[in-house]
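Structure first, commentary second.
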Amino acid sequence: MSTGEELLRTHGLRVTRPRLAVLGVLSGGGHLEVDEIARQVRARLDSVSTQAVYDVLGALSRAGLARRIEPAGSPARYEARTGDNHHHIVCRGCGTIADVDCTVGERPCLTPAESHGFTLDEAEVTFWGLCPACQSRRTTDTA
């Protein structure tokens, strides 16, 4: 397993404390908003600005070490799971996001009726619905 320093160097990025801290936060999993990432980074470092966290996330995303997702109506979220063409499912009730692996075929999982001459390498799909907790609350609220 690569260390954060090795990952940064391998991807041509300078090793800095904020980059290492953000990588550490993202490696914990989940789909985190910038404010949550900044809060966790500040717990690891003495101080870091929200703008610095945005800058680090931008650099990590461009290098392929972080993935930015932005479900409709939600702030951007970031995750460390990259390069595998997975998709997401979002709860309309509480906003919970879960990963959905590509279940059929090779990359990309979906083939459009018309590619317009593009060479396709990824498909991004967002599924929407209600998570089990919101389904339960809805059933309880209507009873």
Task: Distance in nm between pseudo-label sites at Arg137 and Leu110 (7 Å out along the Cβ direction from Cα) - done: 2.7 nm
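Rounded, prolate or oblate: which one fits the chain, using the alpha carbon gyration tensor with axes a ≥ b ≥ c (rounded when a/c is under 1.5, else prolate when a/b beats b/c, else oblate)? Provide the component values of the computation, followed by the final result.
On the way: a/c = 2.39, a/b = 1.22, b/c = 1.97.
Since a/c reaches 1.5 but b/c is at least a/b, the shape of the chain is classed as oblate.
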- [ ] Compute from the Cα atoms of the stretch 4-69 the Rg and the Dmax, the latter being the longest Cα-Cα distance, and quote both in angstrom.
- [x] 10.7, 28
Open item on the list: Counting only helical runs of four or more DSSP H residues, what would the 222 nm mean residue ellipticity of the chain come to if each run contributes -39,500 (n - 2.57) and the total is spread over all its residues?
Closed with: -11000 deg cm²/dmol
Open item on the list: Counting each pair of different Cα atoms once, what's the Kirkwood radius of the stretch 84-142 in Å, rounded to one decimal?
Closed with: 13.4 Å
TODO: Could you tell me the distance between the Cα centroids of the stretch 1-62 and the stretch 108-143, to the nearest Å?
DONE: 28 Å
Task: Relative contact order of the stretch 4-69, defined on C-alpha pairs under 8 angstrom at six or more residues apart (%) - done: 31 percent
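Pairs of alpha-carbon atoms within less than 8 angstrom and 6+ residues apart define the contacts here; what relative contact order does the chain have, in percent? Please report the intermediate quantities before stating the final value.
Working: 169 pairs, mean separation 25.5, N = 143.
Rounded, it is 18 percent for the chain.
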- [ ] Starting at the first residue of the stretch 59-69, write each ³J(HN,Hα) from the Karplus equation 6.51 cos²θ - 1.76 cosθ + 1.60 with θ = phi - 60°, in whole Hz, x for Gly and Pro.
- [x] 5, 5, 5, 4, 7, x, 9, 9, 10, 9, 10
Open item on the list: At 7 Å along Cα-to-Cβ for each site, give me the label-to-label distance between Ala43 and Val15 in nm.
Closed with: 2.5 nm
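Suppose every Lys and Arg Cβ carries +1 and every Asp and Glu Cβ carries -1, with no other charges. What dipole size does the chain come out with about its Cα centre, to the nearest 20 debye? Don't skip to the answer; put the middle values down first.
Working: 16 positive and 18 negative charges, 103 e Å.
Charge dipole of the chain: 500 debye, to the nearest 20.
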TODO: Identify, among Val15, Leu110, Thr82, the residue whose Cα sits farthest towards the positive end of the charge dipole of the chain, taking +1 on the Cβ of Lys and Arg and -1 on the Cβ of Asp and Glu, with the dipole about the Cα centre.
DONE: Val15
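Read-outs throughout are calculated quantities, based only on the coordinates presented, and are distinct from any laboratory measurement. Everything numeric in this text was worked out from a predicted model, so none of it was measured. Don't worry about glycine lacking a Cβ; one is built from the backbone with ideal geometry, like all the others, and counts go over all protein chains shown.
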